[in-house]
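Values quoted throughout were computed directly from the atomic coordinates according to the rules given, and no laboratory measurement underlies them. Note that this is a predicted model, so its numbers are computed, not measured. Here Cβ is always computed from backbone atoms with ideal geometry, including for glycine, and neighbour counts include all displayed protein chains.
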Number of protein chains: 2
Amino acid sequence: MSTVTTRTVAYPADGLTMIGHLALPAGDDRRPAVLVGPEGPGLNDFQRGRAESLAELGYVALAFDINGGRWFTDPGEMLARVTPLLADPDRMRDIGHAALDVLLAEPRTDPDRIAAVGYGTGGAIALELGRDGVDLRAIGTVNALTTGRPGEAARIRCPVWAGVGSEDPIMPPAQREAFTAEIEAAGVDWRLVVYGGALHAFHHPPVDQAVVPGVGYHPRHARRAWRDVVDLLDECVPVPG
Amino acid sequence: MSTVTTRTVAYPADGLTMIGHLALPAGDDRRPAVLVGPEGPGLNDFQRGRAESLAELGYVALAFDINGGRWFTDPGEMLARVTPLLADPDRMRDIGHAALDVLLAEPRTDPDRIAAVGYGTGGAIALELGRDGVDLRAIGTVNALTTGRPGEAARIRCPVWAGVGSEDPIMPPAQREAFTAEIEAAGVDWRLVVYGGALHAFHHPPVDQAVVPGVGYHPRHARRAWRDVVDLLDECVPVPG
């Protein structure tokens, strides 16, 4: 929509220069704001479009970067970047906090109504912000049902919505159970949607990017997962008016 | 809303006289129609209200009866009625078909756009209609993740949405897995929402009814499960205009 304005934002994190994509709705009032985290390959036009779609709905939205402006098309390069990152909560939090600071520096952002939504690696980062005690109003994670350091899930004080494909070999049932057991024991308000027959990254249209085994697009569930994310935001950080 | 009209409908099924509650939206045009099945204790004002809420959204909706007009407040009586029923797909189908016939006899019903949603026993009946090959456009089942006779799930040709409380001891993880394995193997388009921390019948406000161990109300998840059901209907049998 022409009423949405966008801005490329460069900022430091994890020893790199991150290149985020900030999307603002029409108007000049403060709005609830959303961090949108990308999959392991990094930020592409599809993920930038997610921020723009949220801005069309009335949110300030930052599609944040995890790979210093790079978007990996080679699976080996992608995994070399993402695997150690996913094993290091402190690095994930650094990337998440840097993105959060960009959002907080935007005058349109209502600092008391921030949600974090992420896909794959971006979802793991959203969860780590919660485990770090950041005052988020909602966390949404698609395909990243990652557990954290012992005891830290109790710092999550907002609803957590998680989605995963039933046939996702990268996020198998045992991992889902470990994740839900962790957040249930921590007293978190949570939901999990299992999308039947879907593989990893089922929500992402096929593009020329790093495709690893177990990945596959599922258009129907992709639409449903987007609606579920929008419903989560509408519940926890509704757009005024 | 005053624009919704309701009608009590008596009809035979399972050797009993069932007393359903039909709710019609304003207007005189054909509309998508929804069967709404109650929990084991039977039909009460809360379940009748579900049909009225759907009529307010524009659907023809029948809150159907499973217990011949009775609403059990004694757990023993309720289980004596429901346990053998749940073990007999033919009896469940008889009850479901009788309700479907009431819906089809209503001139406002669009016979090509019928969905079945049920809670507990009512959800098991909705699934059995699908396994019987009825041309439904959507099946929603809350707390009833019941498996069927071998091979019959392949007759389900519409999306299935299922919801369950994570801590529901009456519908434990092994049962959920048996259910999702059955419908995945059958090629059904399905989703499962696990509501964290919720018990059995989490969607039903506490009332003077047959309460068995493992039952408990969860207001937040109750609202979410209702929204999920409405989303399912909006996806599969949207109200025109």
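A few points about this structure:
- Projecting the Cα positions of B:PRO169, B:GLY58, B:GLY214 onto the charge dipole of chain B (unit charges on Cβ atoms of Lys, Arg, Asp and Glu, taken about the Cα centre) puts B:GLY58 furthest along the positive direction.
- Order by protection proxy (mean Cβ within 10 Å, highest first), peptides A:3-9, B:130-136: B:130-136, A:3-9
- Base-10 log of normalised Debye intensity for the protein assembly as shown (one unit scatterer per alpha-carbon) at q = 0.08, 0.14 Å⁻¹: -0.50, -1.27
- Per-residue average of Cβ from other chains inside 10 Å of A:171-177: 1
- Relative packing of B:79-85, A:43-49, which averages over residues the other C-beta atoms within 10 Å, highest first: A:43-49, B:79-85
- For peptide A:194-206, the mean count of partner chain Cβ atoms within 10 Å of a residue's Cβ comes to 3.
- Other protein chain C-beta atoms within 10 Å of residue C-beta, averaged over B:230-240: 1.
- Calculated label separations, A:ALA26, copies of the chain, 7 Å along the beta-carbon direction, nm: 2.9
- Placing a label point 7 Å from Cα along the Cα-to-Cβ axis, A:TYR11 is separated from the same position in the other copies by 5.9 nm, shortest listed first.
- Distance between modelled label sites at B:GLU77 and B:ALA181, nm, 7 Å Cα→Cβ extension: 3.9 nm
- Residue-count net charge about B:LEU199 - beta-carbon cut-off 9 Å; Lys, Arg +1, Asp, Glu -1: -2
- Theoretical ellipticity at 222 nm over the protein assembly as shown - DSSP helices of four or more residues, -39500 (n - 2.57) apiece, nearest 500: -11000 deg cm²/dmol
- Spacing of the two label points (7 Å from each Cα toward its C-beta) at B:ASP234 and A:ASP101, in nm: 3.9 nm
- Overall shape: rounded for chain B, with the ratio a/c of the largest to smallest alpha carbon gyration tensor axis below 1.5.
- The stretch B:99-173 and the stretch B:1-65: distance between their alpha carbon centers, rounded to Å: 16 Å
- Most tightly packed first, judged by the mean number of other beta-carbon atoms within 10 Å of their residues, the peptides B:188-200, B:107-119 read B:188-200, B:107-119.
- Of all beta-carbon atoms in chain B, the one sitting closest to the axis that brings chain B onto chain A gives B:VAL193, 3, with the distance in whole angstrom.
- Label geometry 7 Å along the beta-carbon vector: A:GLY133 inter-copy distances in nm: 6.3
- Using the Cβ of A:VAL142 as centre and a radius below 12 Å, the other residues enclosed give a net charge of -1, where K and R count +1 and D and E count -1.
- Relative contact order (%) - chain B, alpha-carbon pairs under 8 angstrom, separation at least six: 18 percent
- Percent antiparallel among DSSP beta bridges (both partners in the protein assembly as shown, rounded to 5): 35 percent
- Annotation: the antiparallel percentage among DSSP beta bridges lying fully within the stretch B:5-236 is about 30.
- Neighbourhood charge, 10 Å Cβ-Cβ cut-off, centred on B:VAL239 and excluding it, Lys, Arg +1 and Asp, Glu -1: +1
- Label point at A:TRP226 placed 7 Å out along Cα→Cβ; residues across the stretch A:47-67 whose backbone nitrogen lies under 19 Å: A:47-64
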